[in-house]
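Beneath this line is the structure, given in C-alpha cells, with notes to follow.
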Amino acid sequence: MDCLFCRIVGKKAPAKIICEDEKCVAFEDIAPQAPVHFLVVPRKHIATTLELGDEDESLVGHLFRVANRIAGDKQVAGRGFRMVMNTNPEAGQSVYHIHLHVLGGRRMHWPPG
Ligand code: AMP
C-alpha cells in the first residue's frame, strides 16, 4: 500500500511539519485554501472516518486538541477557524488517510461549497 500521508508521517516524503507527537503529525497544506491551512494527521493509517473503531476515539479527540493549540499559536483561535474532515469522493476526499483540515485567517462561508 502506498499512502502519501504515511510517507509524510514516516519522513519519506517532504512536508512543512509544524509539530508532531507520538500520535500525530501536523503540517502545512501544500495548496492552502486560506491564509492558515494545515492538516493534523494520525500516525496510524485509517483510510476514512468510516474505518474509525472504538479504539480510535481518544485519537480523534487528540487531533482536535492539537489543532486547537496550533490555531492558538497561529493567532486564529479567537477570530475563528474551521476544522473539516472530508469522507469519500462526494465530500472531496483525495487522500485516503484521515486528516483534520484546519482553516483560518479569513471569513469562512456557510454553507460550504
Ligand atoms: P482531502 O481532499 O480532504 O483528502 O485533503 C487532502 C489535502 O492534502 C488537500 O488539501 C491537499 O492540498 C493536501 N495535500 C496533498 N498532498 C500534499 C502534500 N504533499 N503535502 C501537504 N499537503 C498535501
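Read-outs: derived from the displayed coordinates by stated rules, not from any lab. The model shown is predicted, which means the values in this text are computed figures rather than measured ones. FYI the Cβ positions are ideal-geometry reconstructions off the backbone, even for glycines, and counts take in every protein chain you see.
Once the range 23-74 is represented by equal point scatterers at the alpha-carbon sites, with solvent omitted, what log10 I(q)/I(0) does the Debye formula produce at q = 0.29 Å⁻¹? Debye output, listed in q order: -1.18. When the helices in the chain are scored as -39500 (n - 2.57) per DSSP H run of 4 or longer and the sum is shared across all residues, what 222 nm value do you end up with, to the nearest 500 deg cm²/dmol? Helix contribution divided over all residues of the chain: -6000 deg cm²/dmol. On a C-alpha basis, how far is the centre of the range 1-64 from the centre of the range 70-113 in Å? Whole number, if you could? Result: 13 Å between the Cα centres. Note on the chain: GNM, Cα springs under 10 Å; of G61, G80, G53, the largest mean-square fluctuation is that of G53. Working from Cα pairs under 8 Å separated by at least six residues, relative contact order for the chain is 30 percent. Helix 57-73 axis versus longest C-alpha principal axis of the chain: approximately 40°, rounded to the nearest ten. Loop-located GluC sites (Glu not before Pro) in the range 14-81 (DSSP state not H, G, I, E or B) with no more than 11 neighbouring Cβ atoms inside 10 Å: E22.
At full extension, E90 and R7 could sit 27.4 nm farther apart than now, given 0.36 nm per residue minus the alpha carbon distance. Take 105-113, 84-92 and order them by the average number of nearby Cβ atoms within 10 Å per residue, most first; the result is 84-92, 105-113.
Projecting label points 7 angstrom from Cα along Cα→Cβ for K16 and N68 puts them 2.6 nm apart. Just check the range 42-113 against the gyration tensor rule for me: Cα atoms, a ≥ b ≥ c as the square roots of the eigenvalues, rounded for a/c under 1.5, and otherwise prolate or oblate depending on whether a/b exceeds b/c. Here the range 42-113 falls in the oblate category. Only lysines eight or more places from K44 in sequence, or on another chain, were considered; those with a Cα closer than 25 Å are K11, K12, K16, K23.
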